[in-house]
1. Note down all Cβ pairs under 9 Å where the first residue falls in region 1-21 and is on the phi > 0 side of the Ramachandran plot, the second is in a loop (DSSP other than H, G, I, E, B) and surrounded by 17 or more Cβ atoms within 10 Å (Cβ to Cβ), and they're at least six residues apart or on different chains.
2. Which of the residues that make up region 72-88 are buried (at least 20 other Cβ atoms within 10 Å of the Cβ) and among the charged types (D, E, K, R)?
3. Report yes if Arg158 is exposed (fewer than 11 other Cβ atoms within 10 Å of the Cβ), part of a helix (DSSP H, G or I) and more than 16 Å from the chain's Cα centre (by Cα), otherwise no.
4. Do any helices (runs of 4 or more DSSP H) lying entirely in region 98-143 carry at least 2 residues that are modelled with pLDDT under 85, and which ones are they?
5. Out of all the residues in region 48-71, which are within 17 Å of Met36 (Cα to Cα) and surrounded by fewer than 17 Cβ atoms within 10 Å (Cβ to Cβ)?
Amino acid sequence: MSEAFIYLWYDALNKMYYLGSSIGKDPNYAHSSSVMESFTMNTKPAHMHRKILDRGTHEEMLALEGKLQTNRKERCWDRYYNDNICDGLYHGFGSGENHPQWKGGISYDKKAYMKEYKQSPKYLAYEQTLERKAYKKEYHKEYKQSPKYLAYEQTLERKAYLKEWHLRKKAERQGVGTLKAFLK
């Protein structure tokens, strides 16, 4: 019975790969990478190509995923978006050193991890691509038209905060030094 599968994404734009597994319940599922461009199978960009490598039970695919990722880490990990190696225990990450929030014997603080990660050359190179910038621009344009965003923007607290923020920024731009010499 093949309930799960191993997949390999190739990003032709950045010449990078992502190796992962899925239990196959959601036909729209594309990947779970926090590094690679976010999309679903319905919104897949033209430069992204997926190949199914193998099918089997969930446990078999997690074991194979870990084996393949270990092989790639030894040979060419810098060409992969993967951050860690699947160990097949806890949704593929386990609770040890392969877990994304694990660092040097302790669990990583998520905010500190993301701050450090967003300064990495791999992430910065990805964020600089023209397609990524266009995607983010389009996403924000759509989000600002959503009912959730519009309802939030209409609240009195939000309007008061924005007014105070704009006044503070204006004061910072003008500075204190312009009249200081005349007031002495």
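The values are calculated or read from the model by the stated rules, or taken from the named source; none is laboratory data. Everything numeric in this text was worked out from a predicted model, so none of it was measured. Glycine also receives a Cβ, built like all others from the backbone with ideal geometry; neighbour counts cover every protein chain displayed.
1. none
2. Once the filter is applied, which keeps residues that are buried (at least 20 other Cβ atoms within 10 Å of the Cβ) and among the charged types (D, E, K, R), region 72-88 yields only Asp87.
3. No: the conditions fail for Arg158.
4. Here the list reads 110-117, 121-127.
5. Answer for region 48-71, where residues must be within 17 Å of Met36 (Cα to Cα) and surrounded by fewer than 17 Cβ atoms within 10 Å (Cβ to Cβ): His49, Arg50, Lys51.
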